[in-house]
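S.K.: Before I ask anything, here is the structure I am working with.
Values quoted throughout were computed directly from the atomic coordinates according to the rules given, and no laboratory measurement underlies them. What you see is a predicted model; the values in this text were computed from it and never measured. As a convention, Cβ positions derive from the backbone with ideal geometry for all residues, glycine included, and neighbour counts pool all protein chains shown.
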């Protein structure tokens with residue numbers, strides 16, 4: 001009898017502890033005027049991650065999701081491979097020789113055809129819509145976009161051009177850009193969203209601390225476009241910096257909420 005009572009007490013305690021843990025880890029979305037600003041993001045990858053020790057002054061805002069706003073979204077790190085002439089990545093450190101980096105790229109172009117479009121016709125891009133740049137969509141410099149950085153969730157930023165602590169996956173905050181206009185807007189080109197990180201200096205002035213990615217050849221580099229009422233999710237690396245510093249992301253004249261890096 002005593003053994004049965006002990007077992008029952010252990011089971012009851014375990015259930016209470018589990019319930020408490022679940023309640024503590026419950027996701028509370030950030031809202032503004034009763035509108036949820038960021039979906040709950042599911043990250044199913046198991047890459048080892050690290051915090052970036054030194055900011056490299058080069059943006060890496062790769063799209064992780066395109067589409068309508070949903071309550072829950074699975075983060076897709078298999079970014080589209082456009083076969084563009086980007087500068088070669090540095091050789092991976094020892095231990096990465098058996099990793100299939102090609103598996104991190106998504107070759108299913110049709111999955112992205114509504115959002116990645118070519119302006120120059122070629123046999124490789126016949127399946128894409130061909131836009132007249134001046135007539136069919138606005139440039140991000142002339143459009144009103146919503147930009148939000150969610151510091152309540154942590155996902156990853158996959159950067160195959162940067163290795164640290166034997167990994168290419170960095171802890172990151174999710175970023176969502178929403179097109180609330182009544183027309184299609186370009187939000188990037190090639191494989192990157194055209195965000196820039198800014199930091200507030202000691203005089204309270206915002207200054208850019210990174211720059212857009214560039215390509216060795218601009219021929220047939222596609223535009224990333226966002227139809228009206230659609231959103232794109234990317235990520236910004238969490239990194240260490242000296243003093244406490246206010247940061248924000250900017251695309252055109254549109255700026256995000258303020259967030260901070262970690263202090264060294």
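S.K.: If you count, for each residue, the other Cβ atoms within 10 Å and average over each peptide, how do 191-204, 37-50 line up from highest to lowest?
M.R.: On the way: 191-204: 17.0, 37-50: 14.6.
Going by the mean number of other Cβ atoms within 10 Å, highest first, we get 191-204, 37-50.
S.K.: Hey, with R₀ at 30 Å, roughly what FRET efficiency would residue 151 and residue 48 work out to, going by the Cβ-Cβ distance, to 0.05? It would help to have the intermediate numbers written out before the result.
M.R.: On the way: r = 22 Å, r/R0 = 0.73.
The pair residue 151/residue 48 has a calculated efficiency of 0.85.
S.K.: Using a basic spin-label model with each label point 7 Å from the Cα along Cα→Cβ, how many nm lie between residue 161 and residue 142?
M.R.: 2.9
S.K.: With the crude spin-label approximation of a point 7 Å out along Cα→Cβ, what separation in nm comes out for residue 201 versus residue 180?
M.R.: Inter-label distance under the simple model: 3.1 nm.
S.K.: With label points built 7 Å along Cα→Cβ from the Cα atoms of residue 228 and residue 55, find their separation and express it in nm.
M.R.: Modelled inter-label distance: 3.6 nm.
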